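Visitor: Structure below; questions to follow.
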Amino acid sequence: MEKRCIIGTRKGTFLCQKVGSEYRLKLCGHAGVSVNYAAVDPNTGSLWAALGFGHWGAKLSRSDDGGVTWNDTAQVKYPEGARYLASPDPGEEGEGEERFVARRATLLKLWVIAFGAPGQVHIGTIPGGLFSSQDNGASFELNRPLWNHESRGGDLFTGDGNGKTHWFGTPASEGEFAPGIHSIDINAKAPGQIRVAISTAGVLESQDGGATWRGRNLGMTNDYLPNPEAEWGHDAHFIQSCPADPNHVWQQNHCGVFYSSDGCQSWTKVSQLEQGVHFGFPIAADDQDGRTAWVVPGISDQKRMTIDGGLFVARTEDGGQTWQQLRRGLPQESAHDVVYRHALSVSENAVAFGSTTGNLYLSEDRGETFQTIANNLPPIYSVRWG
Amino acid sequence: MARVEMTAHLKTLFPALAQEPLVIDADTVASLVQILEQRTPGIAFYLCDELGRLRRHVNIFVDGEMIIDRPKLSDRLKRESVVFVAQALTGG
């Protein structure tokens, strides 16, 4: 099959497919519905979409015929008794010394979809849930070891936990200010190794298929907490490992770009301010070379705009020691595209990304030159080859 | 038997609901939603969250009055009640 990417937007799901020498774009489902994430299951070829109905809540949708028809899958629901600790909102009273409140969990947002071994589908949600299906979406179950992790207050199903959470909220939440899982990174060579990234907490890893979890934030620094080297409180924007070499993991963080060459046991900050590489949302690892990655930088967390009104992608091929700005084919004047965390995707030599201003750009030569596929799409939330 | 009217958006998502008239024998809004779910599986999670609470941007009116018990939907229905399901959200 020719190259194809699936695009989730504020107003529907689109497919961008190469026909002959041209890429053609079409709306393939969910017209008028917010699509937070869309992806193709490499095991089955099914298309999946994480919907966010303004009225009717978050819903999972799947197409088994290439986007001609879509149906709801089994829905992601928090089990009875699922609670999480949160800082009280103004007017909301807390209890105990730490003054956290225990909230009953209901689904606020489906944020990311990932695929493991055949039949395995994983969903990251707000508030902070990892839901997994072993039956291709016929049923989903909350990963309780992660939900009950000590970093977020322990087991609130059977008791009151340890009374304190290190997981903060994300503005991406729809409704309450709650933490969210936006990255699920599965080792294709060892599907039991799963990493998740949370806004705002950091990275956790399981090496036993989700039975146990440990924090993987050594070397991470942040510049918005009193202790810049705190274990928790990191606002990872997205993480992705190299499929062929999963010990190489990339992280675009609120506080810079970080790289691990030892399977997340330690991170090194590889921002390069003189090349504009520091703040941004998405990051994409190369399929084969663990030392190669792409980012779409923005200017500072305070502004979240392109740098000087010119849009560029930055690429490193040496583990972040040097970065190259890639601007050919991208607008360099009055361009204020912001690219969200799931809206950059790389497959072999093809690089595609979309912005909240509805622009879709694509390169077939690893970012050396880009072509504009569309200028008038709804705000783009995700772009994924598949 | 309560007569149920609802926003066209829900009928698009659940075409079976477009069959008129939609009448349901229920004594509370909660039981009406339960019966609706039996007839059109999945719809209850569109109207309510996991805890059974009416979603923030959904309103249900009984005989022209907005229901009071949004958390549990215990509002009672009369034999000839008209139940109206509406959506309420602003933005582009």
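Visitor: Can you name the condition, by its number, that residue A:70 falls short on among (1) closer than 18 Å to residue B:9 by Cβ; (2) surrounded by 21 or more Cβ atoms within 10 Å (Cβ to Cβ)?
Guide: Every listed condition holds for residue A:70 apart from (2).
Visitor: Testing residue B:50 on (1) away from chain A (no Cβ under 12 Å); (2) not in a helix (DSSP H, G or I), one condition comes back false. Which one is that?
Guide: (1)
Visitor: Here is a follow-up. Of the residues A:244, A:230, A:284, A:293, which is within 23 Å of residue A:191 (Cα to Cα), surrounded by fewer than 17 Cβ atoms within 10 Å (Cβ to Cβ) and in the same structural domain as residue A:343 (by TED's automatic domain parsing)?
Guide: Going through A:244, A:230, A:284, A:293 in turn, just one is within 23 Å of residue A:191 (Cα to Cα), surrounded by fewer than 17 Cβ atoms within 10 Å (Cβ to Cβ) and in the same structural domain as residue A:343 (by TED's automatic domain parsing): A:244.
Visitor: Only one residue in A:255, A:264 is of a type outside the set (Gly, Ala, Ser), in the same structural domain as residue A:200 (by TED's automatic domain parsing) and within 23 Å of residue A:353 (Cα to Cα), so which one is that?
Guide: A:255
Visitor: Given (1) surrounded by fewer than 19 Cβ atoms within 10 Å (Cβ to Cβ); (2) at positive phi, where does residue A:202 come up short, assuming only one miss?
Guide: Every condition holds for residue A:202 apart from (1).
Visitor: For region B:60-78, give me the residue count where each residue is more than 18 Å from residue A:79 (Cα to Cα) and either within 10 Å of chain A (Cβ to nearest Cβ) or part of a loop (DSSP other than H, G, I, E, B) (or both).
Guide: Qualifying residue count for the region: 11.
Visitor: Residue B:36 - would you say it is in a helix (DSSP H, G or I), more than 12 Å from chain A (Cβ to nearest Cβ), within 10 Å of the chain's Cα centre (by Cα) and not basic (Lys, Arg)?
Guide: yes
Visitor: If residue B:41 meets every condition in (1) within 11 Å of chain A (Cβ to nearest Cβ); (2) under 30 Å from residue A:379 (Cβ atoms) apart from one, which number is that one?
Guide: (2)
Visitor: Here are the criteria: (1) within 14 Å of another protein chain (Cβ to nearest Cβ); (2) surrounded by fewer than 16 Cβ atoms within 10 Å (Cβ to Cβ). Tell me which single one residue B:5 does not satisfy.
Guide: Only one criterion is unmet by residue B:5, namely (1).
Visitor: Sticking with this structure for a sec: Please go through region B:1-33 and give me each residue that is in a helix (DSSP H, G or I) and touching a strand residue (DSSP E or B) at 6+ places or on another chain (Cβ under 7 Å), ordered by number.
Guide: Answer for region B:1-33, where residues must be in a helix (DSSP H, G or I) and touching a strand residue (DSSP E or B) at 6+ places or on another chain (Cβ under 7 Å): B:9, B:10, B:17, B:29, B:32, B:33.
Visitor: Still on this structure, I have one more. Does residue A:177 satisfy being under 19 Å from the mean Cα position of the chain (by Cα) and in contact (Cβ under 8 Å) with a residue 12 or more places away in the chain?
Guide: It is true that residue A:177 is under 19 Å from the mean Cα position of the chain (by Cα) and in contact (Cβ under 8 Å) with a residue 12 or more places away in the chain.
Visitor: Could you please give the count of residues in region A:126-141 that are of a type in the set (A, V, I, L, M) and surrounded by fewer than 20 Cβ atoms within 10 Å (Cβ to Cβ)?
Guide: Result for region A:126-141: 1.
Per-residue answers, yes or no, for (1) crowded, with 19+ Cβ neighbours inside 10 Å; (2) part of a strand (DSSP E or B); (3) of a type outside the set (Phe, Trp, Tyr):
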site	(1), (2), (3)
A:13	yes, yes, yes
A:28	yes, yes, yes
A:36	yes, yes, yes
A:52	yes, yes, yes
A:60	yes, yes, yes
A:88	no, no, yes
A:106	yes, no, yes
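Visitor: Restricting attention to region A:357-364, does a residue exist that is surrounded by fewer than 17 Cβ atoms within 10 Å (Cβ to Cβ) and of a type outside the set (Ser, Thr, Tyr)?
Guide: There is no residue in region A:357-364 that is surrounded by fewer than 17 Cβ atoms within 10 Å (Cβ to Cβ) and of a type outside the set (Ser, Thr, Tyr).
Visitor: Restricting to region A:62-82, count the residues that are within 11 Å of chain B (Cβ to nearest Cβ) and either part of a strand (DSSP E or B) or basic (Lys, Arg) (or both).
Guide: Looking only at that region, the number is 3.
Conditions (1) out of contact with any strand residue (DSSP E or B) (no Cβ under 9 Å at 6 or more places or on another chain); (2) crowded, with 21+ Cβ neighbours inside 10 Å; (3) within 17 Å of residue A:58 (Cα to Cα), marked per residue:
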site	(1), (2), (3)
A:109	no, yes, yes
A:121	no, yes, yes
A:124	no, yes, yes
A:145	no, no, no
A:167	no, yes, no
A:174	no, no, yes
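Visitor: Oh, and also: Sort out which residues of region A:103-132 are over 18 Å from the mean Cα position of the chain (by Cα) and within 14 Å of another protein chain (Cβ to nearest Cβ), and write them in order of number.
Guide: A:103, A:104, A:105, A:106
Visitor: In region A:172-186, which residues are touching a Lys or Arg at 6+ places or on another chain (Cβ under 9 Å) and part of a loop (DSSP other than H, G, I, E, B)?
Guide: A:172, A:173, A:174, A:175, A:176, A:179
Visitor: Another one. Kindly indicate the residue of region A:4-50 that is among the polar types (S, T, N, Q) and touching a Leu at 6+ places or on another chain (Cβ under 9 Å) and also nearest to residue A:377 (Cα to Cα) among those meeting that condition.
Guide: Out of the qualifying residues, it is A:9.
The values are calculated or read from the model by the stated rules, or taken from the named source; none is laboratory data. Quick caveat, the model's predicted, so the values are computed rather than measured. Cβ coordinates were reconstructed from backbone atoms using ideal geometry, including for glycine residues, and neighbour counts include every protein chain displayed.
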